[in-house]
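Worksheet for the structure shown next.
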Amino acid sequence: IRSARRNPELRGPGGAPPGTTLDPNTRVIEMSNIGVGVTSLKKFDIVNPTNTDYTFKWENEDEQNAKKASDFHCLMPQGVIRSGKKTEVAFEFTSSGLDLVESFWRFTIPEQSITVPFLVVGTTQDPAVSLDRSHLNFKSLLIGHEAIETVSILNNEDAPFSFSFHESSCHAPGHTSS
């Protein structure tokens, strides 16, 4: 937020209109995925430095949309932190497209009258996966004869990716199965 990277055309908490100024105390949690439908976790600890136990709560402040499930989930929306202890909380981001997505949350500690706004941001990019050639040339081939060419799939990512081919994509337009 301070680095002015946020697109001012995006809506604010609770569906506030674009251009709405966010609370300057807003903390940002950034998450990124490679590939649509991928789920990632962001874990962090909350520490209770006081000499008394306290409860905490994460509340989602997004405008509700019955047609689309949220890309973000808090895996521990409430709990108790013992005096002098810490607890781990996590946010889950499952990408549903290549768009940048945002989710607004409010972290509250009622016993201490503390509330902190959070902006959870998710970005998704296509994996760096490609074929080792852009086309195949079978040269002259008589009707009824077969030719075989090999194409390699190159994965330039650190993580493995599964893949499949749709049978219909293996034939030229107008192909009919015999």
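The values are calculated or read from the model by the stated rules, or taken from the named source; none is laboratory data. Note that this is a predicted model, so its numbers are computed, not measured. Positions of Cβ are generated from backbone atoms using ideal geometry, with glycine treated the same way; all protein chains shown enter the neighbour counts. When the accessible area is computed, the model is the full protein with side chains, heavy atoms only, and any ligands, DNA or RNA have been set aside. Shrake-Rupley method; radii C 1.70, N 1.55, O 1.52, S 1.80 Å.
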Exercise. Which of the GluC sites (Glu not before Pro) found in region 1-86 are in a DSSP loop and have at most 13 neighbouring Cβ atoms, other than their own, within 10 Å?
Worked result: E9, E63
For this session: Could you look at region 1-94 and say what percent of its accessible area is carbon and sulfur, using a 1.4 Å probe and all protein chains?
Result: 50 percent
Problem set entry | Relative contact order [Cα under 8 Å, 6+ residues apart], the chain, whole percent | 22 percent
Problem set entry | Dipole-positive endmost among G79, T115, A90 within region 51-141 (Cβ charges, Cα centre) | A90
Problem set entry | Two-decimal Rg to Rh for the chain - Kirkwood Rh, Cα set | 1.19
Problem set entry | For the chain, the longest site-free run once chymotrypsin sites (Phe, Trp or Tyr not before Pro) in DSSP loop states with at most 14 other Cβ atoms within 10 Å are removed | 1-137
Exercise. Of the chain, which part is the longest with no trypsin sites (Lys or Arg not before Pro) in a loop (DSSP not H, G, I, E, B) and with at most 11 other C-beta atoms within 10 angstrom?
Worked result: 6-66
Problem set entry | Per residue, in Å², the accessible surface of the chain once ligands and nucleic acids are set aside, probe 1.4 Å | 72 Å²
Seminar exercise, completed: Toy charge model, Lys and Arg Cβ at +1, Asp and Glu Cβ at -1: the chain dipole around Cα centroid in debye, rounded to 20, equals 440 debye
Seminar exercise, completed: Label model pair Q125, N65: point-to-point distance (7 angstrom along the Cα→beta-carbon line) in nm is 2.4 nm
